1. Output wanted: per-residue J couplings in Hz (rounded whole) for the range 3-8, from phi through Karplus 6.51 cos²θ - 1.76 cosθ + 1.60, θ = phi - 60°, x for Gly and Pro.
2. Could you work out the relative contact order of the range 157-310, using alpha carbon pairs under 8 angstrom and six or more residues apart, expressed as a whole percent?
3. Please list, or write none, the aspartates and glutamates whose alpha carbon is within less than 18 Å of the alpha carbon of Lys23, excluding same-chain residues fewer than 8 places away.
4. For the chain, give the share of DSSP beta bridges that are antiparallel, in percent and rounded to the nearest 5; count only bridges with both residues there.
5. Nothing charged except the Cβ atoms of Lys and Arg (+1) and of Asp and Glu (-1): what's the magnitude of the dipole of the chain about its Cα centre? Round to the nearest 20 debye.
6. How about Lys181: which aspartates and glutamates have a C-alpha closer than 16 Å to its C-alpha, ignoring those fewer than 8 places off in the same chain?
7. About the Cα centre, and with charges only on the beta carbon of Lys, Arg (+1) and Asp, Glu (-1), how big is the dipole of the range 210-307? Nearest 20 debye, please.
8. Given H placed 1.01 Å from N in the peptide plane, which residues other than close sequence neighbours of Glu269 have an amide H under 5 Å from its amide H?
Amino acid sequence: MINPKHLFLALWVRNNFGKGDKKRDAGQTTPDDVVRYDNILYGGKRFKKWQLLDVYRPKAASSSSDNASLCKLPVIVIVHGGGWVYGDKGVYQFYGMRLAQRGFAVVNYSYRLAPEAKFPASMQDTESVFKWICDNADKYGLDSQNVFAVGDSAGAHLLALYAAALTNDNYRKNFPFIQKKNLCLRGLALNCGIYDIAAAVNDGGHTDLFVGALLPRGGKPDELKLINSVDYVTKDFPPAFVMSCKGDFLLTQAPVIRKVLEDAGVLHEYKIYGTDAEPLWHVFHCDPKLQQAVACNDDECEFFKRLIAR
């Protein structure tokens, strides 16, 4: 049974965050130079409400209107944020298409949300998306050997956990549904994320409520340990672009993951956008109309391009 407190939290977030995202995206349309394939089922019919994805590609990379002629492009997978209780691919479609304009095939997916679906449901869905990329690489022109991923806020947390499970054999034992596949995750962008869950819960605020909604037993110590991504980074963790901004309420988390990456010897780039005099806000980079967002997304895509295996 769902805890009424957690359900109320989720409904409040979905309503209020949704209003802000609709305002941000008002007037946005599909760019003329992008082709999109929408509402593709990547999982089973049981969860077809959530297990859907879109693919966006630069139109110039297609030699005709059908899928058969699509050249393979490096891929960016979008892992959306929303405190584990909010969000879907619709909220990230315009951001995703701007990434596609930079020369990538973008896979933008929805995943099951808490509190209706408890962890590790979101990890299972993420694994299904990466498997879908392998299975559909030819059909949609996806270079499975040059896959990248971006995640923000709770999505950055989920992405960091998934990347750790792919590269840390001991940690992966907790998720037997993650299987070896013909895919190479070359790099990540971790944006305005939360990584040290234990510290965030102890710092007060409302993190404990969100984590309680996510976890099956409401956030017992062993559950918090399982999702504390900073504990599972090894030298094999993918290269990462870590960013936050002045004005982000999760700003203190960025240097934490940076130090973990440094200590593990992982290639990474670290950047804080905005200034004390002109602060930005949490996940500012999702607003394609914002100059600083354009600069951030350029920086991340250039980071990815330097990692592409030729």
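1. Per residue, the Karplus-derived 3J(HN,Hα) values read 4, x, 5, 6, 5, 4 Hz.
2. Details: 212 pairs, mean separation 38.8, N = 154.
In percent, rounded to a whole number, it is 25.
3. Those aspartates and glutamates meeting the cut-off are Asp88, Asp287.
4. Beta bridges within the chain, antiparallel portion: roughly 30 percent.
5. Details: 38 positive and 34 negative charges, 172 e Å.
I would put it at about 820 debye.
6. The qualifying aspartates and glutamates are Asp125, Glu127, Asp135, Asp138, Asp143, Asp169.
7. Working: 11 positive and 15 negative charges, 49 e Å.
It comes to approximately 240 debye.
8. Counting only residues 5 or more places away or on other chains, the set is Ala240, Phe241, Val242.
The values are calculated or read from the model by the stated rules, or taken from the named source; none is laboratory data. Remember, it's a predicted structure, so these values are computed and weren't measured experimentally. For neighbour counting, all protein chains shown are included, and Cβ atoms are generated from backbone atoms with ideal geometry for every residue, glycine included. Side chains included, ligands, DNA and RNA excluded: accessible areas come from the protein's heavy atoms. Shrake-Rupley method; radii C 1.70, N 1.55, O 1.52, S 1.80 Å.
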